[in-house]
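Structure first, then comments.
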Amino acid sequence: MRCPYCNSDDSKTLETRDSPENTTRRRRECINCGKRYTTYEYLETVELMVRKKDGELQRFDVNKIILVGHSFGGAAVAVALAEGAPAAGGILLDPAAISRDLPAYLRKISKPVVILGADEKISMARNRDYFYRSVRTGISEVSIREASHEDAQYPAATGVATEELQVTFVSALTASAFSLSASGNFDYAWASFGDAFGNGKLFNAKKK
């Protein structure tokens, strides 16, 4: 920092104050000429930009982020949303939980959430019922018939999963993500599930 009077860069700080506006005020004294002056420091934020297919640059909108998690990762997504993560909402792939504190977090979620679950007759994710029961509003849930917990992980690391059921999970995930990014809710995805509801591939559908 150069002195505004003699242009020397040799100074000492006499006093520092932080303000609520994320600004630091410093009172300085020039070693060379002895004059005093005040400087202000501001945090410079870097804007993330996205280049569209047509070459146009647009600001990156953090509210278009969709958080997705499988199993205990679903619980992590729920906690992040409860704590105010900048996201449009969350997609929970057969979520599981062990913490007794989780329902308190789930009650704080105000963003849309969809649960894409396995068939509980095939495999039961631990405490999956916490999620739908505890989130107050804006939550949907649907199960995929004959799907196991591992089918929700794509590609699955185990031989338990089947490709057809994995594709069903991915299709439901994709429809949910497009619906949420386009409209801010899961209504379009829900409508697109109509045939799968009819043939029984998707069941246990509920929302509130």
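Key figures for this structure:
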read-out	value
Output for segment 1-60, where each listed residue is among the hydrophobic types (A, V, I, L, M, F, W, C), modelled with pLDDT of 90 or more and in a strand (DSSP E or B)	LEU14, CYS30
Odd one out for ASP151 among (1) buried (at least 24 other Cβ atoms within 10 Å of the Cβ); (2) in a loop (DSSP other than H, G, I, E, B)	(2)
Tally, over segment 32-53, of residues that are of a type in the set (Val, Ile, Thr) and surrounded by 13 or more Cβ atoms within 10 Å (Cβ to Cβ)	1
Residue list for segment 33-89, filter: in contact (Cβ under 8 Å) with a residue 24 or more places away in the chain and under 30 Å from SER11 (Cα atoms)	CYS33, LYS35, TYR37, THR39
Residue list for segment 112-129, restricted to those being surrounded by fewer than 23 Cβ atoms within 10 Å (Cβ to Cβ) and touching a strand residue (DSSP E or B) at 6+ places or on another chain (Cβ under 8 Å)	ASP119, GLU120
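The values are calculated or read from the model by the stated rules, or taken from the named source; none is laboratory data. From a predicted model like this one, the values you see are computed outputs, not experimental measurements. No Cβ is skipped: glycine too gets one built from the backbone with ideal geometry, and neighbour counts run over all protein chains shown.
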